[in-house]
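To keep things clear, I will list the structure first and then write my remarks on it.
All of the numbers you see were taken from the coordinates with simple rules; none came from a lab. In this text the structure is predicted, and so the values were computed from the model without any measurement. Here the Cβ is made from the backbone with ideal geometry for all residues, glycine too, and neighbour counts use every protein chain on show.
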Amino acid sequence: DTGVSQNPRHKITKRGQNVTFRCDPISEHNRLYWYRQTLGQGPEFLTYFQNEAQLEKSRLLSDRFSAERPKGSFSTLEIQRTEQGDSAMYLCASSLDRVSPLHFGNGTRLTVT
Amino acid sequence: AQSVSQHNHHVILSEAASLELGCNYSYGGTVNLFWYVQYPGQHLQLLLKYFSGDPLVKGIKGFEAEFIKSKFSFNLRKPSVQWSDTAEYFCAVNNDYKLSFGAGTTVTVRA
């Protein structure tokens, strides 16, 4: 399967700890997106990359959140000093270009205790 | 910025019934519209998309959607649902460089 891959699938952490998630997009896709989804809601945009450049960050993304895509391939999303409100499903998606549909990974479910 | 509104939070119906899910978006010029589906335990998958041309769009698994510009709507339909259509359905609009999603509609099909 050459779809979007996310690791880990689940992460349980204690409040105040740092966590890092990884996303491997479809190889020829230039655009990579991070979304967050909570129960009963649709995915909310967090940030996106065009190759290695981070072009947009949502206001939802506090200073505790940082994302990188150092070589324009895989991406990491780090959350520092996690809070219970960070508990959610973190989704990664990639697309070929600006108008092509997004291909989503299975997500990383974060639980902050 | 675009926003998307889905009218129904949860729809329950029997097999062979017809399905229609409402979706409205806020005006913002040229729009690209999408319906995504999430089956239990699976990732979001594209059902169909509208970019331009024929406002009646056909997607996978017998789904179709109609873009009505005057109503800012992009409703999803299926004439006869199956138990396997049980899933969560999301309408989305392309806000130039990113998708904005509705809150989703959970569809439960009873066998």
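Quick one: if the Förster radius is 25 Å, what FRET efficiency do residue B:9 and residue B:60 give, using the C-beta to C-beta distance and rounding to 0.05?
Details: r = 24 Å, r/R0 = 0.95.
Taking R0 as 25 Å, the efficiency between residue B:9 and residue B:60 is 0.55.
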**Item:** Cut-off under 5 Å, modelled amide H: who pairs with residue B:75 long-range
**Value:** B:23, B:66, B:68
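Determine the shielding of peptide A:95-101 by partner chains: average, over its residues, the number of Cβ atoms on other chains within 10 angstrom of each Cβ. Please list the in-between numbers first.
Working: counts 3, 0, 0, 5, 6, 3, 10.
For this peptide, the per-residue mean of nearby foreign Cβ atoms is 4.
Would you tell me the mean number of C-beta atoms belonging to other protein chains that fall within 10 Å of each C-beta in B:9-17, as a whole number?
On the way: counts 1, 1, 0, 0, 0, 0, 0, 0, 0.
Partner-chain Cβ atoms within 10 Å, mean over residues of B:9-17: 0.
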**Request:** Could you point to the residue in A:13, A:23, A:76 farthest towards the positive end of chain A's charge dipole, with +1 and -1 charges on the Cβ of Lys/Arg and Asp/Glu respectively?
**Result:** A:13
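Any idea what the dipole of the protein assembly as shown comes to, in debye rounded to 20, about its Cα centre with Lys/Arg Cβ at +1 and Asp/Glu Cβ at -1?
Values: 24 positive and 20 negative charges, 80 e Å.
So the dipole magnitude of the protein assembly as shown works out to roughly 380 debye.
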**Request:** List every residue whose amide H lies under 5 Å from the amide H of residue A:87, counting only residues 5 or more places away in sequence or on a different chain, with H placed 1.01 Å from N in the peptide plane.
**Result:** A:112
**Message:** Run the reach check for residue A:71 against aspartates and glutamates, Cα to Cα strictly under 14 Å, same-chain hits fewer than 8 apart removed. What comes back?
**Reply:** A:24, A:28, A:52
**Spacing of the two label points (7 Å from each Cα toward its C-beta) at residue A:99 and residue A:63, in nm** = 4.1
**Nonlocal amide H pairs with residue B:47, under 5 Å, H built at 1.01 Å** = B:35, B:36, B:37
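What FRET efficiency would be calculated for the residue pair residue A:56, residue A:109, taking the C-beta separation as r and a Förster radius of 25 Å, to the nearest 0.05?
With R0 = 25 Å, the Cβ-Cβ based efficiency is 0.55.
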**Request:** Treating cross-link reach as a plain straight distance, find the lysines whose alpha-carbon is under 18 Å from the alpha-carbon of residue B:61, omitting any fewer than eight places away in the same chain.
**Result:** B:49, B:78
**Item:** Euclidean distance of C-alpha centroids, the stretch A:1-58 and the stretch B:66-111, integer Å
**Value:** 23
**Request:** Report the local net charge at residue B:20: Lys and Arg +1, Asp and Glu -1, summed over other residues whose C-beta lies under 9 Å from its C-beta.
**Result:** +2
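Here is the link list: B:71/B:98; A:14/A:57; A:11/B:71. Which ones come out longer than 31 Å on Cα distance? Each step should come with its number before you reach the end.
Values: B:71/B:98 23 Å; A:14/A:57 26 Å; A:11/B:71 43 Å.
Violating the 31 Å Cα-Cα cut-off are A:11/B:71.
With a sphere of radius 13 Å drawn around the Cβ of residue B:34, what net charge do the other residues whose Cβ falls strictly inside it have (Lys, Arg +1; Asp, Glu -1)?
Working: positive: B:49, B:98; negative: none.
My count for the surroundings of residue B:34 gives +2.
Averaged over B:100-108, how many beta carbons belonging to a partner chain fall within 10 Å of each residue's beta carbon?
Working: counts 4, 7, 3, 3, 5, 1, 1, 0, 0.
Neighbouring Cβ atoms belonging to other protein chains average 3 per residue here.
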**Asked** For the pair residue A:18 and residue B:68, how long in nm is the line joining their label points, each one 7 Å along Cα→Cβ?
**Response** 5.3
**Prompt:** How many percent of all Cα-Cα pairs in chain B sit more than 23 Å apart?
**Reply:** 21
**Message:** Using the basic label-point model (7 angstrom from Cα toward the beta carbon), what is the residue B:84 to residue A:38 distance in nanometres?
**Reply:** 3.5
**Item:** Per-residue HN-Hα couplings for the stretch B:58-65 [Karplus 6.51, -1.76, 1.60; θ = phi - 60°; Hz; x = Gly/Pro]
**Value:** 9, x, 7, 6, x, 7, 9, 9
